[in-house]
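S.K.: Handing you a structure now.
The values are calculated or read from the model by the stated rules, or taken from the named source; none is laboratory data. Note that the structure is predicted; figures quoted are calculated from it, not measured. Don't worry about glycine lacking a Cβ; one is built from the backbone with ideal geometry, like all the others, and counts go over all protein chains shown. These accessible areas exclude ligands, DNA and RNA; they are computed on the full protein's heavy atoms, side chains included. Shrake-Rupley method; radii C 1.70, N 1.55, O 1.52, S 1.80 Å.
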Amino acid sequence: MLDLRTSIGDAIAEALGVFTLCFIGILAIQSLSETPGGGLLGVAFAHGLAIAVMIAAFGHISGGHFNPAVTLGVFLGGKIHAGTAVLFWIAQLLGGLLAALLVAACFDTDVVAAGTPVVADGVAMFTAIVLEAVATFFLVLVVYGTAVDAKAPASVYPFAIGLTITAGILAIGPSTGGALNPARGFGPALVSGEWSGAPSWIIGPLVGGALAALLHSYVITPAEAAKALASAGERPHA
């Protein structure tokens, strides 16, 4: 059973993390879209830094998932219960939606639309889904190797995860919009009506995150996974 007070605090932390990611991400795209040569680099670092500082701030509270694909991966690895996963998903989607609504209120929905991940002309949807899956696969592997693994140095994981997001956006951003996160697309799409890239930023990250979690939990560290599944207690901060 979930502790209501603890769960509300965790959910608020998750919502704030995604709010920060979407708010900074959308406005960074708006600010840097016309910067010659530096736009993609700036946008990638804006997203990566937003996640890094939010994980540093809230990682000890909710675990700092800020991504439904990460939450799915942590759930499949037996680190959290289904109820916690659902609560986190709701909070994450709501955080992204609130950020998009605030940007639209301050500027207009065109700014939100420009900050919504879309698949580039000439890139097949299947290709976009694969690219998003691979980039998110790397991300969740890093989450498991740094944040979930108790043997990893605690000071490393916010920046390791943030830099993985930066690298992923640099690699696939021009092709898919570089969401690596269904919550990064959902709120902006709901506000702007730009749903054309939805299969890539929904299917790709969820598949990639699930594969990474299963690989790490049941192939790379099977003994730890067996221990987690045998335990009756929940690890909400994984």
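S.K.: VAL53 versus THR127, label points 7 Å from Cα toward the beta carbon: distance in nm?
M.R.: Roughly 3.6 nm, to one decimal.
S.K.: Now for a separate question. Can you tell me the accessible area per residue over the range 1-129, all protein chains present, probe 1.4 angstrom, in square angstrom? Kindly include the intermediate steps, with their values, before the conclusion.
M.R.: On the way: 5710 Å² over 129 residues.
For the range 1-129, the solvent-accessible area averages 44 Å² per residue.
S.K.: In addition: Please give the FRET efficiency for TRP195 paired with HIS60, using the beta carbon to beta carbon distance and R0 = 30 Å, rounded to the nearest 0.05. List each step's numbers first, then the result.
M.R.: On the way: r = 35 Å, r/R0 = 1.18.
The value I calculate is 0.25.
S.K.: Could you check how much of the accessible area of the range 67-144 is carbon and sulfur, as a whole percent, using a 1.4 Å probe? If you can, show how the numbers build up before the last one.
M.R.: Details: 2370 of 3080 Å².
The computed percentage sits at 77.
S.K.: Which of MET54, ALA15, SER217 sits farthest toward the positive end of the charge dipole of the chain, with +1 on the Cβ of Lys and Arg and -1 on the Cβ of Asp and Glu?
M.R.: Of the candidates, SER217 comes out farthest on the positive side.
S.K.: What value, in deg cm²/dmol to 500, does the helix sum -39500 (n - 2.57) over DSSP H runs of n ≥ 4 give at 222 nm once divided by the residues of the chain? Walk me through the numbers on the way to the answer.
M.R.: Working: 10 runs with 169 residues, N = 238.
That comes out to -24000 deg cm²/dmol.
S.K.: For the chain, take the longest principal axis of its alpha carbons; what is the angle in degrees between that and the long axis of helix 157-176, to the nearest 10 within 0 to 90?
M.R.: For 157-176 against the chain, the angle is about 40 degrees.
S.K.: Could you check the simple spin-label distance between SER33 and ALA82, using points 7 Å along Cα→Cβ, in nm with one decimal?
M.R.: 4.2 nm
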